[in-house]
Amino acid sequence: MVGEQLKTIYQRLFEYFGPQHWWPGRTQFEIIVGAILTQNTNWTNVEKAIANLRRRRLLEPLKLHEIEIEELAALIRPAGYYRLKARRLKNFLDWLFEKHTGQLDGLNDIPTDLLRRQLLGIKGIGRETADSILLYALDRVIFVVDTYTARVMLRHRLIDTDADYEQIQDLFQSNLDEDVRLFNEYHALLVRLGKQFCRPKPKCSECPLNLLPHTIEAEYP
Ligand code: SF4
């Protein structure tokens, strides 16, 4: 039942919006950098910061590991909270070099649960960022949850207001096929839906999910 509802939502969103081509990034490492920089800012600002790094040919783990943090902060300034995000990038790189010799390939043999715990142990890497890295950069079967996801699921009565991150994640992971491409596209479509229609003040009359049972009063805390 829940699985069918989730599949119907996905199908309607995919038919309406089409493929979202996520995550926009040329390499695994660039996707990871983007996932860390996109916290609390919009993607246009992240693109400017990544363009600065690309121009300086710094989008490689070793080069970003070696650059001074002040210089890194200046380059990623367009992404906002740039000192904090420079520290977070450095924290990720310190972990990658101390635990995995600086090689993203070294992460391939680590089971997803363990790798997720390791990522969450890095200061400044939260659940959404860790799961974005796992799904979009490392092709792990894990569902990314964000405010848009929670809002749509709540308004369509698939979760309660007190559902936490892992419960929402489990809703998808327990009721859908374990498919990286499906999880990738589904999350991207929910973000698109949340930005265009399922905003704090929803535009249900124009929304592709309008014919499905929902309640507009609900807002995820
Ligand atoms: S805008 Fe309305 S119909 Fe669309 S997803 Fe949100 S609650 Fe559902």
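For segment 85-152, the Cβ-based charge dipole about the Cα centre amounts to some 400 debye (Lys, Arg positive; Asp, Glu negative; other atoms uncharged).
Roughly what percent of Cα-Cα pairs across segment 20-121 reach past 22 Å? Pairs farther apart than 22 Å: 27 percent. Annotation for Ser174 and Thr27: the two label points, set 7 Å from Cα along the Cα-Cβ direction, are 4.0 nm apart.
Heavy atoms of the protein chains alone define the surface here; on that basis segment 28-137 has 50 Å² accessible area per residue at 1.4 Å probe size. Between Cys204 and Asp139, the simple label model (points 7 Å from Cα in the Cβ direction) yields a spacing of 4.2 nm. Between the beta carbons of Lys7 and Leu120, assuming R0 = 35 Å, the FRET efficiency works out to 0.75 to the nearest 0.05.
Here the sum of -39500 (n - 2.57) over DSSP H runs of 4 or more residues, divided by the residues of the chain, equals -17000 deg cm²/dmol at 222 nm, to the nearest 500. Among Glu70, Glu30, Glu60, the largest mean-square fluctuation in a Gaussian network model of the chain (Cα springs under 10 Å) belongs to Glu70.
The candidates Val144, Val2, arranged from most to least accessible area with a 1.4 Å probe in the full protein assembly, appear as Val2, Val144.
In the chain, the ratio of gyration radius to Kirkwood radius, Rg to Rh, stands at 0.99 when only Cα atoms are counted. When Ser205, Ser132 are compared by accessible surface with a 1.4 Å probe, the order from highest to lowest is Ser205, Ser132.
Round to the nearest 0.05 the FRET efficiency obtained for Thr161 and His100 when R0 = 35 Å and r is the Cβ-Cβ distance. E(calc), rounded to 0.05, equals 0.35.
Distance from the C-alpha centroid of segment 49-111 to that of segment 1-35: 25 Å, rounded to the whole angstrom. Checking the cross-link pairs Lys48/Lys85; Lys85/Lys195; Lys99/Lys123; Lys90/Lys123 against a 18 Å limit on the alpha carbon distance flags Lys85/Lys195 as lying beyond it.
Comparing Asp146, Asp170, Asp162 in a Gaussian network model of the chain (Cα springs below 10 Å), the most mobile by mean-square fluctuation is Asp162.
I'd like to verify something in the chain: which complete DSSP H helices, judged by Cα projection on the helix axis, reach 15 Å or more and average at least -0.5 on the Kyte-Doolittle scale? Working shown, then result.
On the way: long enough: 2-17 (22 Å, -0.26); 43-55 (18 Å, -0.68); 82-100 (26 Å, -0.97); 165-175 (16 Å, -1.09); 180-196 (24 Å, -0.01).
Span-like helices here: 2-17, 180-196.
The values are calculated or read from the model by the stated rules, or taken from the named source; none is laboratory data. Everything quoted here is computed from the prediction, not taken from an experiment. Using ideal geometry, Cβ is built from the backbone for each residue, glycine included, and neighbour counts are taken over all protein chains shown. Protein only, heavy atoms only, side chains kept; ligands, DNA and RNA dropped before computing areas. Shrake-Rupley method; radii C 1.70, N 1.55, O 1.52, S 1.80 Å.
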